[in-house]
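What follows is a short report on a single structure.
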Amino acid sequence: MRVLAGSESADSTWAEGHLAFVDNQVDAATGTVLLKGEFGNRDGALWPGAFVRVRLRLRDEAGAIVVPSAAVGNSQRGAYCYVLLADTTVEMRSVQVTRTWGGFAVIASGLKPGERVVTEGQVRLSPGARASLRSAAPATGSASAGPKRAARTP
């Protein structure tokens, strides 16, 4: 498995190596597992004993539906999203969230690619309420469609 390591201060300087060892014990004090990676370190970017940030790519999900985490709410019935319909009303949908990371949620079911979800003002919404579309900053990451913000109109 590919392992990327970089200094605590730099986001763009990453050394590439491979996963060499996974310990089968969990440290009870920290809840962590020991992993070891091997790096060629040809450019000398890594130093023994230095702290680094590590990234492991566990898998790729082609065609995954990704929405901002702010779009996902939780109720007694489970996770849900408000979806903006063509007539500018909203519909509450039950969704199944596979995982979240970095402000995004991967949706396993309940949404279709390209649907717009509400990311602000969900507390003031109910199914069938009218919403207005606000321009949003361009999405980062691999969202299925550029997320748009919708808020209830007075």
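Any read-out appearing in this document is the output of simple, stated calculations on the displayed coordinates, not a laboratory observation. Keep in mind that this is a model prediction, so the values were computed, not measured. No Cβ is skipped: glycine too gets one built from the backbone with ideal geometry, and neighbour counts run over all protein chains shown.
Points to keep in mind about this one:
- Förster radius 22 Å - calculated FRET efficiency between Trp101 and Gln76, Cβ distance, rounded to 0.05: 0.30
- Added length on full extension, which subtracts the Cα-Cα distance from 0.36 nm per residue, Ser94 to Val26: 21.0 nm
- Checking (1) 0.96; (2) 0.98; (3) 1.11 against Rg/Rh (Cα atoms, Kirkwood Rh) calculated from these atoms, the matching label is (3).
- Within segment 62-77: backbone nitrogen closer than 17 Å to the Arg134 label point (7 Å, Cα to C-beta): 68-72
- Positive dipole terminus of the chain, leading residue within Leu4, Val54, Phe104 (C-beta point charges): Phe104
- Glu8 versus Arg53: modelled label distance in nm, points set 7 Å from Cα along the beta carbon direction: 1.2
- Between the beta carbons of Val33 and Glu61, assuming R0 = 22 Å, the FRET efficiency works out to 0.40 to the nearest 0.05.
- For the chain, the relative contact order is 18 percent, taking Cα pairs closer than 8 Å that sit 6 or more residues apart in sequence and dividing their mean separation by the residue count.
- Cα-based convex hull, segment 2-56, per residue volume (Å³, whole number): 95
- Computed FRET value (nearest 0.05) for Leu19 with Ala108, which takes r as the C-beta separation and R₀ as 22 Å: 0.25
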